[in-house]
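The values are calculated or read from the model by the stated rules, or taken from the named source; none is laboratory data. What you see is a predicted model; the values in this text were computed from it and never measured. In this analysis, Cβ positions are derived from the backbone assuming ideal geometry, glycine residues included, and neighbour counts consider all displayed protein chains. Surface accessibility is based on the protein's heavy atoms, side chains included, excluding ligands, DNA and RNA. Shrake-Rupley method; radii C 1.70, N 1.55, O 1.52, S 1.80 Å.
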Amino acid sequence: MKVILLQDVKKQGKKDDIIDVSDGYAQNFLIKTGLAVPYTKTSKNILENELDKKAKDEQELINRCKEMKDKLEKTHFSFTFKSGKDGRLFGTVSTKQLSEELKKNGFDIDKKQIDLTNKIDSLGVYEIKLNLHKTVVAKIKVHIC
């Protein structure tokens, strides 16, 4: 019997997969517990519509991320932190601090999206990668003064 999975099922498939299982397993477990629905023309059309909607939403998200990337890369950021002699900072600049400073400048960037490969522990200009989406990465220059 063919069914469409509504949730991930261990050793069977992921959500929205169409799988072929035995009639008893489909009726007595998958359909009864709400993990799947029978594969029919109606359910196939509903699945296709949902997948199309998800694809459109994902493309809109990617377009918004690309627009934000363009704005971020055109903007020069300058942040002020306390420093001692020789231009060394007291501690290092964290992703949380960078996220808060970016939010002050009007960019809603989560600290998990900031990729710090090098520690920022002294004054200067640094290039930081921002993972806006799994396919969109922005590189910004930050002046620490």
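Taking 0.36 nm per residue of separation and subtracting the Cα-Cα distance, full extension of the segment from Leu61 to Asp23 would add 9.7 nm.
Heavy-atom accessible area, probed at 1.4 angstrom with all protein chains present, ranks Lys56, Lys44, Lys2 as Lys56, Lys2, Lys44, highest first. The slack between Lys32 and Lys74, meaning 0.36 nm per residue of separation minus the straight C-alpha distance, is 9.6 nm.
Taking the Cα centre of each part, how many Å lie between the range 1-80 and the range 113-138? Here the answer is 30 Å between Cα centres.
Compute the long axis of helix 95-104 from its Cα atoms, compare it with the longest principal axis of the Cα atoms of the chain, and write down the angle in degrees, 0 to 90, nearest 10. With rounding to tens, the tilt is 80 degrees. Over the chain, dividing the summed -39,500 (n - 2.57) contributions of all DSSP H runs of at least 4 residues by the number of residues returns a 222 nm mean residue ellipticity of -10500 deg cm²/dmol.
Note that the range 27-75 presents 77 Å² accessible area per residue, ligands and nucleic acids not counted, probe 1.4 Å.
Site pair Thr40 and Lys112 shows an inter-label distance of 3.9 nm when each label is modelled 7 Å from Cα along Cα→Cβ. Available extension along the chain between Asp86 and Met1 is 23.3 nm, counting 0.36 nm per residue and deducting the alpha carbon span. The heavy atoms of Thr75 offer some 60 square angstrom of accessible surface to a 1.4 angstrom probe. Over the chain, the pair-distance histogram of Cα-Cα distances with 5 Å bins from zero comes to 2, 8, 14, 14, 9, 7, 7, 8, 8, 8, 6, 4, 3, 1, 0, 0 percent, rounded to whole numbers.
Taking every protein chain into account, the 1.4 Å probe leaves Asp70 with about 80 Å² of accessible area, to the nearest ten.
Spin-label model, His143/Lys103: points 7 Å from Cα along the beta carbon direction are separated by 2.6 nm.
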